1. I'm trying to understand the selection: among the residues of the stretch 262-292, which are within 16 Å of the ligand (Cβ to nearest atom) and part of a loop (DSSP other than H, G, I, E, B)?
2. Just one of the numbered conditions (1) touching a helix residue (DSSP H, G or I) at 6+ places or on another chain (Cβ under 9 Å); (2) open to solvent by less than 10 Å² (accessible area, probe 1.4 Å); (3) within 16 Å of the ligand (Cβ to nearest atom) is not true of Ser238; which one?
3. Listed residues Ala447, Ala470; which is surrounded by 14 or more Cβ atoms within 10 Å (Cβ to Cβ), modelled with pLDDT under 95, hydrophobic (A, V, I, L, M, F, W, C) and out of contact with any Pro (no Cβ under 7 Å at 6 or more places or on another chain)?
4. Kindly indicate whether any position in the stretch 146-159 is within 14 Å of the ligand (Cβ to nearest atom) and either surrounded by fewer than 22 Cβ atoms within 10 Å (Cβ to Cβ) or free of Cβ contacts under 8 Å to residues at least 24 places away in the same chain (or both).
5. Name the pairs: first residue in the stretch 92-109 and among the β-branched types (Val, Ile, Thr), second residue surrounded by 15 or more Cβ atoms within 10 Å (Cβ to Cβ), Cβ to Cβ under 8 Å, at least 6 apart or on different chains?
6. Quick check: anything in the stretch 116-125 within 12 Å of the ligand (Cβ to nearest atom) and either at pLDDT 95 or above or of a type outside the set (Asp, Glu) (or both)?
7. Quick one: which residue in Ala166, Ala181, Ala177 is within 15 Å of the ligand (Cβ to nearest atom) and not β-branched (Val, Ile, Thr)?
8. Going through the stretch 184-211 one residue at a time, which ones are touching a helix residue (DSSP H, G or I) at 6+ places or on another chain (Cβ under 8 Å), assigned to a loop (DSSP other than H, G, I, E, B), open to solvent by 20 Å² or more (accessible area, probe 1.4 Å) and within 9 Å of the ligand (Cβ to nearest atom)?
Amino acid sequence: MNNPSLVSADTTAGELEAILSAAQEAASALRDSTGSERASWLRAVGTAIDEERAELLDLAAAESHLARAALDAEVNRTVFQLEHLAQAAESGELLRVLAEPADADYAVAARPSLVQAMTPLGPVLVFTASNFPFAFSVAGNDFASALAAGCPVVVKANPGHLGLSARTAEVVSGALAKAGAPEGTFAHIQGVEPGVAALRDPRIKACGFTGSVAGGRALFDIAASRPDPIPFYGELGSLNPVFVTPAAATARAEEIAAGFAASITFRGGQLCTKPGVLIAPEGSGILDSAGAAVAEIEPVTLLTDRITDAFAEGTKSLSGLPGARVVAGGAGTSPTLVAVPAATVLADGGSSLEECFGPAAVVIEYRDPAEIGAIARVLGPSLTATIHGEPADAVAESLVDRLGSLAGRVIWNGWPTGVSVTRALHHGGPYPATTSPTYGSIGAGSAQRWLRPVTYQNWPVELLPREVRAHVDPSAV
Ligand code: NAP
């Protein structure tokens, strides 16, 4: 439930105009800022969030219904993300400087001296996620990565936690002002219409989004249909299939069943990385054991009424698939497991399997290992794909290429719900996992979404932008 004393009315047209104008003003100041300055602003936000932790946790727990311990861990992650992006900004790595000296003998034609470096796109609009009220919300990864890149940020509050969003925005604004960030570096807006109006405004130069396929697609289409289309980085829906080979099922059926049940019910199953479908051999015992474990888990209070309604529709639609059998749950917000024959999925080309956000998943049992490959070929793209296999497992080996083309992260003998904020972890994938498969939305690499390359040709080193100059060896150009 949103906190009425904190939730203000939707942003008015006049307020939005002032916010966008200030963001545009701030864009040039941020372009001229150093990575060290931006790192200090990000660290100031992290410190302020940590200082206000108790109050923010109270708000988050009341509005999101997520467990306080899980939210507390999420605040740790959020503060760490801000530090991670601060380090990326101050190291200069985000600039990706490439310097090539002039070469009169270069192939085909003489080459001039060239320095390439990334430059910020300008004000970024962020539609925040409902399921991570800290790590993907007002001061979350999109905010941190855009500021690290040197872009002002306008955040559209998620309706699932308006009170927390408003209070976090106060904390962020206060911290940025105290740390000396330019006015207009950050703003917070509320309401459907203001969000769309901001997305259509020419002063917004890129957009980040985390949410539903329908919502993300509608906003992506608006971004693409502007007279000046802008990059739209949406993280949408993901099935995250898990394939269990016959050898793995023989070796550790109980362990796999327990891990699966825990992974689909972690944080009420409201994770973009929840394994929504498990493909396992018939008669291995995994289905029965996972069903028994899921049936033990209490119904969950989901994030919002909209998500609760969507969960009811999703479980109903999965239970109604040809040959489907409800193994656990199936009513209200009870954790739910549905068994679906491989033939159903193969017959409709995988279209029957859609993400059901919340504590629900499908188990597909196969009779012949050859069916695993056929199922892998019909499933749509995801953020992750997992294999449970054994050493020198020929079935696992046969899946590797397919899984790499299906997802941005392929996992061996683990579960996709644990996500590390670091450089080598890619959190992305082909549509509908994201609207842009080339970048992820976690870690230092996510800042590249808000940057574009500029090449300085025959440019005197001493006249390069201050930040670029600091990372170019004058003798190399
Ligand atoms: P959502 O309904 O897509 O909304 C996300 C944000 O986009 C909200 O701020 C929403 O604003 C805005 N929005 C959506 N459609 C819009 C439109 N047509 N015009 C203008 N603004 C629009 O997502 P949600 O409410 O956070 O969660 C609902 C579903 O999203 C879940 O059931 C799940 O399927 C998915 N989800 C996915 C992830 C993920 O990580 N991939 C995370 C969370 C949720 P308003 O509500 O103010 O309209």
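The values are calculated or read from the model by the stated rules, or taken from the named source; none is laboratory data. Since the model is a prediction, treat every value here as computed from it, not as a measurement. Reconstructed Cβ throughout: ideal geometry from the backbone, glycine too, with neighbour counts over all protein chains shown. These area figures cover heavy atoms from the full protein model, side chains too; ligands, DNA and RNA do not enter into them. Shrake-Rupley method; radii C 1.70, N 1.55, O 1.52, S 1.80 Å.
1. Once the filter is applied, which keeps residues that are within 16 Å of the ligand (Cβ to nearest atom) and part of a loop (DSSP other than H, G, I, E, B), the stretch 262-292 yields Gln270, Leu271, Cys272, Thr273, Lys274, Pro275, Gly276.
2. The one condition Ser238 does not meet is (1).
3. Ala470
4. Yes: one or more hits.
5. Matching pairs, first to second residue: Val97/Val115; Val97/Gln116; Val97/Ala117; Val97/Val468; Val97/His471; Val97/Val472.
6. Taking the stretch 116-125 first, the residues within 12 Å of the ligand (Cβ to nearest atom) are 125.
Now drop any that are not either at pLDDT 95 or above or of a type outside the set (Asp, Glu) (or both), which leaves 125.
Yes: one or more hits.
7. Values: Ala181 fails: within 15 Å of the ligand (Cβ to nearest atom); Ala177 fails: within 15 Å of the ligand (Cβ to nearest atom).
Every option except Ala166 fails the conditions.
8. none
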